[in-house]
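Encoded as structure tokens, the structure appears first; notes follow it.
The values are calculated or read from the model by the stated rules, or taken from the named source; none is laboratory data. Here the structure is a predicted model, which is why all the values come from computation and not from measurement. So basically every Cβ, Gly included, is an ideal-geometry build from the backbone, and we count neighbours across all protein chains shown. Only protein heavy atoms, including side chains, enter the accessible area calculation; ligands, DNA and RNA are left aside. Shrake-Rupley method; radii C 1.70, N 1.55, O 1.52, S 1.80 Å.
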There are 2 protein chains.
Amino acid sequence: MEQNLPNTVALLARTPAVLDALLRDLPEAWTMRNEGAGTWSAFDVVGHLNHGERTDWLPRARVILEFGATRDFDPFDRWGQERESAGKSLGQLLDEFARLRAEGLAELRAMNLQPEDLERRGRHPALGVVTLSQLLATWATHDLTHLHQISRVLAHQYDAAVGPWHAYLGVLNCGGHSAP
Amino acid sequence: MEQNLPNTVALLARTPAVLDALLRDLPEAWTMRNEGAGTWSAFDVVGHLNHGERTDWLPRARVILEFGATRDFDPFDRWGQERESAGKSLGQLLDEFARLRAEGLAELRAMNLQPEDLERRGRHPALGVVTLSQLLATWATHDLTHLHQISRVLAHQYDAAVGPWHAYLGVLNCGGHSAP
């Protein structure tokens with residue numbers, strides 16, 4: 001289907017509660033382990049989502065509305081959460097995510113975007129010309145890619161524990177395609 | 001890590017709230033669409049989880065405790081939810097999942113399993129000898145495989161809407177490995 005603003009917002013609004021239900025107070029044996037060197041734990045992923053709220057999605061929407069395709073988006077730092085998350089608990093990161101997302105959605109509503117706005121163009125430093133509609137669809141799908149990743153990172157911790165059932169569990173046979 | 005009963009239960013106990021936060025009242029444009037012929041929507045997956053609560057996990061644990069490896073588990077019907085879910089709303093299926101899971105975890109606690117019980121063996125009709133510990137690890141990992149699937153099925157609906165960002169979103173490049 002095409003990007004549909006109410007449908008996009010419906011997903012975006014749910015993600016903080018989804019991650020809260022899954023991760024808050026879950027034993028650290030799940031939340032602080034990753035898939036090996038250079039990969040992310042669930043804790044790291046929540047930090048990455050927070051970094052995206054601060055520097056990626058709405059900042060880029062503002063660039064599109066203000067400058068169109070005359071100016072490249074600022075590049076996104078895929079390891080930017082390392083500094084921001086240092087010394088915080090997962091509970092703090094989840095609180096932060098809920099707050100940042102609520103603020104972001106309030107700002108999005110205040111933009112009062114019309115269908116013609118959604119066709120406005122911006123320029124991604126690597127991907128070239130993109131539309132505001134594609135940016136918003138990607139914001140929601142990016143949540144899903146990281147929910148997909150978190151489910152895989154958690155499952156990985158039981159990779160050996162499931163024994164012969166390994167063959168039946170798709171999540172254990174996922175090629176790490178959304179790794180960091 | 002090895003299967004650890006409190007860690008397993010911590011995950012199992014969270015899944016109903018995770019799916020509730022993600023799916024309840026989400027527009028049907030997300031929840032009722034699948035990935036093409038022969039694949040499942042999020043609605044279908046919740047029905048499948050309910051069918052598993054009824055016929056797979058604890059029934060098999062009971063077979064292990066009662067019969068050991070002298071009797072095959074009953075085969076699991078991977079399309080068993082079709083009849084059970086017919087005519088129900090997604091909200092009803094989510095309510096059912098929360099209730100079945102809570103009852104299942106209460107029964108699991110009542111079993112008061114000791115470390116030696118976890119090593120008891122059963123016989124899977126296709127996989128051969130398995131342990132109770134592996135069955136419990138698989139129960140939790142099966143939740144994660146379907147969370148992984150649901151995130152992929154939802155994301156699939158925006159496969160075209162994200163435009164050039166497609167290449168960056170791992171969930172859109174997942175080979176459907178946990179499809180039904």
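Shielding of A:8-19 by partners, i.e. mean partner chain Cβ atoms within 10 Å per residue? Each step should come with its number before you reach the end.
Details: counts 2, 0, 5, 8, 0, 1, 8, 2, 1, 5, 9, 3.
Neighbouring Cβ atoms belonging to other protein chains average 4 per residue here.
Please list, by residue number, every one of the trypsin sites (Lys or Arg not before Pro) in the stretch B:1-72 that is coil in DSSP and has at most 16 other beta-carbon atoms within 10 Å. Don't jump to the answer; show the numbers that get you there.
On the way: sites: B:Arg14, B:Arg24, B:Arg33, B:Arg54, B:Arg60, B:Arg62, B:Arg71; in loops: B:Arg24, B:Arg33, B:Arg71.
Here the trypsin sites (Lys or Arg not before Pro) that fit, given the DSSP loop and packing criteria, are B:Arg24, B:Arg71.
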Relative to the first principal axis of the alpha-carbon coordinates of chain A, what is the inclination of helix A:42-55, with its axis defined by its Cα atoms, in degrees from 0 to 90 and to the nearest 10? 10 degrees
Please state the equivalent ellipsoid semi-axes for chain A: what are the square roots of 5 times the Cα gyration tensor eigenvalues, largest first, in whole Å? 31, 17, 16
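Summarise the accessible area of the stretch B:62-141 (1.4 Å probe, protein heavy atoms) by the percent that is carbon and sulfur. It would help to have the intermediate numbers written out before the result.
On the way: 2080 of 4190 Å².
Within the stretch B:62-141, the accessible surface is 50 percent carbon and sulfur.
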Interchain or long-range residues, amide H under 5 Å from A:Val129's placed H: A:His124
In degrees, nearest ten, helix A:132-156 long axis to first principal axis of chain A (Cα): 10 degrees
Charge dipole of the protein assembly as shown built from unit charges on the beta carbon (Lys, Arg +1; Asp, Glu -1), centred at mean Cα; most positive-end Cα among B:Phe73, A:Ser151, B:Gly170 is B:Gly170
Which of B:His166, B:His124, B:His142 moves most in a GNM of chain B, Cα contacts under 10 Å? B:His166
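Looking at the stretch B:79-180, which GluC sites (Glu not before Pro) are DSSP coil and have at most 16 other C-beta atoms within 10 Å of their C-beta? Mind showing how you got there, number by number?
Numbers: sites: B:Glu82, B:Glu84, B:Glu96, B:Glu103, B:Glu107, B:Glu116, B:Glu119; in loops: B:Glu119.
Hits after loop and neighbour filter: B:Glu119.
Estimate for me the total accessible surface buried between chains A and B (protein heavy atoms, probe 1.4 Å, no ligands or nucleic acids), in Å² to the nearest 100. If you can, show how the numbers build up before the last one.
Values: alone 9780 and 9790 Å², together 14550 Å².
Summed over both sides, the interface buries about 5000 Å².
What does the net charge come to around B:Leu90 if you take all other residues with beta carbon closer than 14 Å to its beta carbon, with K and R at +1 and D and E at -1? Intermediate results must be reported in sequence, preceding the final value.
On the way: positive: A:Arg14, B:Arg24, B:Arg33, B:Lys88; negative: B:Asp20, B:Asp25, B:Glu28, B:Asp44, B:Glu84, B:Asp95, B:Glu96.
Surrounding charge for B:Leu90 is -3.
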Using alpha carbons only, how many degrees (0 to 90, rounded to 10) separate the axis of helix A:57-67 from the longest principal axis of chain A? 20 degrees
How high is the FRET efficiency between B:Glu116 and B:Gln92 when r is their beta carbon distance and R₀ equals 35 Å, given to the nearest 0.05? 0.30
Cα-based Debye curve of the stretch B:90-180 sampled at q = 0.21 Å⁻¹ gives log₁₀ I(q)/I(0) of -1.09
